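FYI, it's all coordinate maths here, none of it is from the lab. In this text, all values refer to a predicted model and were calculated from it rather than measured experimentally. Here the Cβ is made from the backbone with ideal geometry for all residues, glycine too, and neighbour counts use every protein chain on show.
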Amino acid sequence: MVRRTRTDRDRSGTLNRNDYFEAGLNLLAEGGVAEQTIANLCERLGITKGSFYHHFTSLADFRQQLLAYWESTQEAAVTDGANGSAADWVAPAHHPADAAVRAWSQSDEAAAEVQGRIDAARLKTAAKDLRNAGVSADRARSLANLGLAIQIGVQTAGSSWDRKTRKALVDEFQKAVEAAAAEGKPKAAPRKKA
């Protein structure tokens, strides 16, 4: 569940741009892009509109910079998750915001471009990790696409799938990855009798 509390301020008591972006992502996750207004951001952060305009020229400017921030955090998450378990590829850390950005990308070209680059990076990293685990290149690409499809399906289904159902999907995906990796490992040669 997304927190509905004010964003923590740095030691000086002032907000930085990341505080605005995190509040914007929380608003997006809670109610979609329509919830992401200057008034809602100011209320969430306990600031005036003047403070908002000190950092951003408009709501459109904020949203453009929010997408850049989101992309950079997702690039870092993909890099940090490299060589992790298959479950890491299909269960993003900030799932509500991830699903909300994906929904936003259906109606906004800039959000769609960012989402496309994030998905491409996820696929590339997952396929590379699978190849490093001994999975053939074609199978690695297929499994990476399957993992992304599971992620998108879980995001789209939202709360209609319970935690147990989501976990079962991720577990099955993990088993498929492990089986593919085991198939790709060379088998030991039979021992010769002396």
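Data for the structure
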{"read-out": "For region 119-124, 3J(HN,Hα) per residue [Karplus equation, 6.51 cos²θ - 1.76 cosθ + 1.60, θ = phi - 60°, Hz, x = Gly/Pro]", "value": "4, 4, 5, 4, 4, 4"}
{"read-out": "Potential extension, Ala137-Ala149 segment - 0.36 nm per residue separation minus Cα distance", "value": "2.5 nm"}
{"read-out": "Ser51-Thr156 FRET efficiency (beta carbon distance; Förster radius 30 Å; 0.05 resolution)", "value": "0.25"}
{"read-out": "Sites Asn18 and Ala120 - FRET efficiency at Förster radius 25 Å, r taken between beta-carbons, to 0.05", "value": "0.50"}
